[in-house]
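The values are calculated or read from the model by the stated rules, or taken from the named source; none is laboratory data. Predicted model, so just to flag it, every value in this text is computed and none were measured. Neighbour counts run over all protein chains shown; Cβ positions are idealised from the backbone, glycine included. Just the protein is used for accessible areas: all its heavy atoms, side chains included, with ligands, DNA and RNA removed. Shrake-Rupley method; radii C 1.70, N 1.55, O 1.52, S 1.80 Å.
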Amino acid sequence: MNTIFRKSMLSVAGLAFAGGVFAGPIAAHANPVDAKPTAAAAVQTVAPKPQGAQSHIDLNGEQTGNVKAIIAATKKAGLPERAAVISIATSLQESKLENLGHLGDANDHDSLGLFQQRPTSGWGTPEQITNPEYSTTAFLKGLKQVDGWQDMPLTDAAQTVQVSAYPDAYAQWEQQATDLVAQHWNS
């Protein structure tokens, strides 16, 4: 699939170059007096609208502290608010923003922490995974490896990192995650 995408992009780039080569000389002879100024188009990435029905939970002090820890780790990594939204929505799905230790039979294998990361899958030691800054940084490292994560639906970005048995479950937390980041990003 990458080969097809790459060839498509090269074709588009080639057409754009050819168009510039042929249009360039014509544009160079245009009368600048007749030219009307155009407003520079602002390029900005707009987060996609939340998909599907949205869920919401009331947060206690520990959960709010974990939201702030996720935001702090995102800022420390130099990533934008969208990365914090994806991280918080993922944690809402995986642990309801609770830093979970081993849950015995209720545990999904050896999953731990805010993101239910597994030591046996290479996320880190149990001590690291249950450290909110470490686990968020590990999640963000995976997110940065997803091409186009900034513009894809939240659930797709989260699923690519997490590889969950429930790939669409992250979408339900996007609105709450967005609201939490808006509330705490500048505090």
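The residue list ILE86, ILE57 contains one member that is more than 13 Å from the chain's Cα centre (by Cα) and modelled with pLDDT of 95 or more, which is ILE57. When you look at SER111, is it within 21 Å of THR64 (Cα to Cα) and either more than 15 Å from the chain's Cα centre (by Cα) or open to solvent by 20 Å² or more (accessible area, probe 1.4 Å) (or both), yes or no? It is false that SER111 is within 21 Å of THR64 (Cα to Cα) and either more than 15 Å from the chain's Cα centre (by Cα) or open to solvent by 20 Å² or more (accessible area, probe 1.4 Å) (or both). Can you work out which of the residues in the range 161-187 that are of a type in the set (Phe, Trp, Tyr) and at pLDDT 95 or above is surrounded by the most Cβ atoms within 10 Å (Cβ to Cβ)? Among them, the one singled out is TRP173. When the range 90-108 is examined, which residues are found to be surrounded by 16 or more Cβ atoms within 10 Å (Cβ to Cβ) and modelled with pLDDT under 90? Scanning the range 90-108 gives a single hit, LEU100.
Is it the case that the range 139-156 has a residue that's more than 12 Å from the chain's Cα centre (by Cα) and not aliphatic (A, V, I, L, M)? Taking every residue of the range 139-156 in turn, none turns out to be more than 12 Å from the chain's Cα centre (by Cα) and not aliphatic (A, V, I, L, M). Checked against the criterion of being touching a Leu at 6+ places or on another chain (Cβ under 9 Å), within 20 Å of GLY61 (Cα to Cα) and aliphatic (A, V, I, L, M), the candidates ALA157, ALA182, ALA171, ALA177 yield just one match: ALA177. Contact annotation: residue pairs with Cβ atoms under 9 Å, 6 or more positions apart or on different chains, pairing a residue in the range 153-166 that is on the phi > 0 side of the Ramachandran plot with a partner that is open to solvent by 20 Å² or more (accessible area, probe 1.4 Å), are VAL163/SER121.
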